[in-house]
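Step one of this worksheet: look at the structure below.
The values are calculated or read from the model by the stated rules, or taken from the named source; none is laboratory data. Please read all numbers here as calculations on a predicted model, not as lab measurements. Cβ placement follows ideal geometry from the backbone for every residue including glycine, while neighbour counts extend to all protein chains displayed. Accessible surface is based on the protein model in full, side chains and every heavy atom, while ligands, DNA and RNA are left aside. Shrake-Rupley method; radii C 1.70, N 1.55, O 1.52, S 1.80 Å.
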Amino acid sequence: MSSTDLAVPERQGSVPLSVLLFRLANDTSRERISVGDLLAALGDRAIGALMFFFAAPNILPVPPGVSTLLGAPLLFLSAQLMLGMRPWLPGIVTRRSLSRDDLATLVRRIVPWLAKAEKLLRPRVSVLVRPPVEYFVGLVCLVLAAVLMLPIPLGNTLPALAISLLALGVLERDGVWIAIGLFASVVAGAVVWGVLWAMVKAVVLILGNFFDF
């Protein structure tokens, strides 16, 4: 993939997230990129950008345990969005790092889709990107992040998709994407609840058959 593939218009003097990730992944001056590096590079946009960065990989199937590792930073960031705080992560998280090759692999997976999304994102429906709605979005993301960390079948994809949509809406101050993300959150909650209910019924049925035997 070349940099021209990611040539999306810059808005309000800020570098699009897709371009920034692409540059970090191709920065030959460093062998590893830490979460702290990302936090510093993103500045005031860090909450929305990092929420997308940690949520998006979970939309696709990931190895066991990955969702837990990626979900922990999401809990911190969602809580800060809910409380109207500036982006901050504890040292145990900011010191975590990826090799540049691993980051490049991750970027190749998510950036083409992100670049397409950025062409559709723009500031609008501002009432949905200001407090108190923004705080409510943080609460929704906090609940979804907690669900994301649980070992639930199909419990990763829809919550991760909903968080990604909401994060992009927060990042680009786009109330339409916030609305879509909230709808996706409702769908994700309904599906996860259905899966949990089915699991409970299955366990009850198995235990019932066992004791009847």
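Over segment 160-199, the Kirkwood radius and the radius of gyration, each from Cα atoms, give a ratio Rg/Rh of 1.14. Once the Cβ-Cβ distance of ARG32 and ARG109 is raised to the sixth power relative to R0 = 25 Å, the FRET efficiency obtained is 0.85.
Counting every Cα pair in the chain, what percent are over 22 Å apart?
Summing the P(r) of the chain above 22 Å gives 51 percent of all pairs.
Solvent-accessible area per residue in the chain equals 53 Å², computed with a 1.4 angstrom probe and all protein chains kept. Its convex hull of Cα atoms gives segment 71-151 a direction-averaged projected area, equal to a quarter of the hull surface, of 7.0 nm².
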